[in-house]
Structure formats: structure tokens, C-alpha cells
Amino acid sequence: MAQLTVIIALLAMALAGCVTTTTGSQPAPSSPDEAAGYNMQLGISYLRQNKLQLARTKLENAIRLDPGLATAHVALGVVFERLEDPAGAERHYRRAVDLNPDSPDNLNALAVFTCQRKGEPKEALRLFDRALAIPLSVSTANRAMLATNAGTCAKSIDLNRAEGYLRGALNENPDYSDALLQLAEVTLEAGRALQARAFIERYLAADQPSPAALWLAVRIERALDDNVAADRYADTLLKQFPSSDEARRLSESKS
């Protein structure tokens, strides 16, 4: 399954006031609430640097000072996932949803975990649907991201449902590159290679080529019997990403 997006939304919530990890010039927090927020921001900053134990310490301090900090629980969920502790990750994701059930970002975090790590797409889609049903008036969530995550999750069980979510993502943002890439794959799997070509071309025009996108483009052009275009994408894949898994698959497909 393609990677679903969880941490981007998390970091977007905290970066506006995020402190650095150098604290010498920072004033001391004057209240427990300020100290909790300060520790949360430090924890997220460490998380972005993949300093997981430091992130865990700061985020746990934040929750000790303010157990109701839902964003800190989401961040700790990410930390525990990276530490290969799925039980800890789920505990914090669920706590974040319990604390703020009307947050699409909290629901997204739990849904991504449920789909990718637990392998329960049906339950995950129920969570995504809850997130997408929250009115815009109470949400500033990236709805194109939410719908793309839902569509990516749905691919394994229902291509039609996946396509519906992904087209919904493009209704929110016609240039959302992740949705374009996923729709290219979904329409190819559904046997509509010509539509898939249109989506992959839009994706490649909007974003830097990735090994996954180039390998998908090769498969699309092969399905359309356009060997010239397929070879062009294949050459780009081998030249730019010779050590990628997709380059290996391309070589295997020729043998």
C-alpha cells in the first residue's frame, strides 16, 4: 500500500509557533499550560529530526503537565510507531480522538494507523468518513489529503469506492499530486489505461518524478501498447533511480 499521510497534518498544527531545540534564548514558561505547550513543541521539533527518544521525553512531559493535549498524543503516536511499538501508538492515537473527536487530523492519524499498521481497511474507512463529514466551519483540515488517504486505503478492497474518494480529493484541490498518482493506479487496475495516462501525465507535470510514478507510467504505456513512451519512462527510471525497487521490478519485467 502506498504511504498515507499522517505527520504532515500534525506538524502543520505546531510549526507556526514551533521553538527550536536550542533553548538558551527562550524565556522560561510561566505556567504549567505554557510549559506543556513548550514541551510539546520541542517534542515535535525533535520528532521532525527523527530524534525519537528526545521527542518521546518532551511529549510525555507535555502530557504529564496537561493530559488534555490531543496534539501531543498524536505526536506520541507517531513516535511510538517509529519505535515499532504499535500498541503504544494506537493508545495515543485513540486518546487523541477521545479528547477531540471533532478533529479531522486526529481521526486521520488513527485511520492511517488502522489501515496501514493493523490492516483493517473497513474500520479505517469508517474513521475517514467521520473525518470527512466534519463541517468546514469547525475544521481547517486538508480535506484533499483526507480524501486521498481514504482512497489509498480503499484500493485494497473496493476500486470504485477508492476512485470516489480520490475524485473527491481533486474536487477539493484539482492539482493535488498524491490524488492524481493514486487515481492513475486505480484507473489502470480498473482496466481504463487511457484515463490512467491522463492522470499520470497531470501528476508528472505537477510534481517531480518518483520511482513509483515512473514505474506506473511504464505499466500504463505498456497497457496502451505504446512501447516508445514506455521505453522513455523506463530509461528515466533507470537513469535517475537505478537502485530503487521499481528499477529492479522493471529489470525483472524484461527478463
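Cβ-Cβ distance of ARG192 and GLU34, R₀ of 45 Å, FRET efficiency by 1/(1 + (r/R0)^6): the value works out to about 0.25. With respect to the chain, whose longest principal axis is taken over its alpha-carbon atoms, helix 70-82 is tilted by about 60°.
Calculate the translational D of the range 56-126 in whole µm² s⁻¹ from Stokes-Einstein, where the hydrodynamic radius comes from the Kirkwood formula applied to all Cα pairs, the temperature is 37 °C and the viscosity 0.692 mPa s. It diffuses with D of about 276 µm²/s by this estimate. With R₀ fixed at 45 Å, the C-beta to C-beta distance from ARG82 to LEU224 puts the FRET efficiency at about 0.65. Taking a Cβ cut-off of under 14 Å around ALA124, the surrounding Lys, Arg, Asp and Glu residues balance to a net charge of +3, with basic ones at +1 and acidic ones at -1. Computed from Cα positions, the angle between helix 211-223 and the longest principal axis of the chain comes to roughly 30 degrees. For the peptides 74-86, 105-117, the ranking by mean Cβ contacts within 10 Å, running from highest to lowest, is 105-117, 74-86. The protection proxy used here, the mean number of other Cβ atoms lying within 10 Å of each residue, ranks peptides 53-63, 152-162 as follows, highest first: 53-63, 152-162. Using alpha-carbon pairs under 8 Å, 6+ residues apart, how would you state the relative contact order of the chain in percent? Normalised by residue count, the contact order of the chain is 11 percent.
Taking each residue as 0.36 nm, the span from LEU238 to LEU136 lengthens on full extension beyond its C-alpha to C-alpha distance by 32.3 nm.
Annotation for ALA205 and ASN50: the two label points, set 7 Å from Cα along the Cα-Cβ direction, are 3.5 nm apart.
Show log10 I(q)/I(0) for the chain at q = 0.09, 0.18 Å⁻¹, two decimals, from a solvent-free Debye sum over equal Cα scatterers. Each listed q corresponds, in turn, to -0.47, -1.27.
Every read-out reported here was derived from the displayed coordinates using simple, explicitly stated rules and does not represent laboratory data. Since this is a predicted model, take the numbers as computed values, not measurements. When we count neighbours, we look across all protein chains shown, and the Cβ atoms used for this are built from the backbone with ideal geometry, even at glycine.
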